[in-house]
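Let me begin by presenting the structure, written as structure tokens, before commenting on it.
Each reported figure results from applying straightforward, stated rules to the coordinates on display, with no laboratory input. None of these values were measured; they are calculated from a predicted model. A quick note on method: Cβ atoms are made from the backbone with ideal geometry, for glycine too, and the neighbour counts reach across all protein chains shown.
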């Protein structure tokens, strides 16, 4: 079994907690904050509410190879935290905790992703050569887009 990796990111926004949490709890905003090269699209029809037990299906493409990703919202605490877990997708494990903390009139967002690669040693090698750099790029793009979309 490959190791479990941990990705952590912190972002501070000069906005109230409720506004930031509302943006992130609308799953369709993921399309706006995901790099275009992934061709990320939500397949689940609009109109669902993100809450504990919600299942969401996505389609994306990496290196021209399309695949689907199914997630389950395991935990949802309004204006505090939500957790999504991959049920089907490219990773052997993907467990993403989104935390939101009020700091005066600002919001601090903490992302913690625990993930494991499939394919044993080949997955570990892929992680070291490619995947960790792609994930860093994705989360940096997301940071910039969130700043642009929410702050201006």
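Extension gain, residue 51 to residue 143, is 30.8 nm, computed as 0.36 nm per intervening residue step minus the present C-alpha separation. Our note on the geometry: Cα centres of the range 42-56 and the range 87-152, 20 Å apart. A Gaussian network model of the chain, with springs between Cα atoms under 10 Å, assigns the largest mean-square fluctuation among 27, 92, 126 to 126. Computed over the chain with a Gaussian network model linking Cα atoms closer than 10 Å, the most mobile of 73, 134, 42 is 134.
Which angle between 0 and 90 degrees, to the nearest 10, do you get for helix 132-146 versus the longest principal axis of the chain when only C-alpha atoms count? That works out to roughly 20 degrees.
Values [x] 30, 22, 14; [y] 25, 17, 16; [z] 34, 17, 13 are given for comparison; semi-axes √(5λ) of the Cα gyration tensor in Å, derived from the coordinates here, is the one labelled [y]. On the basis of the beta-carbon distance and an R0 of 35 Å, residue 39 and residue 105 show a calculated FRET efficiency of 0.45.
Using a Gaussian network model on the chain with a 10 Å cutoff between Cα atoms, which of 45, 14, 36 fluctuates the most? Greatest mean-square fluctuation among the candidates belongs to 45.
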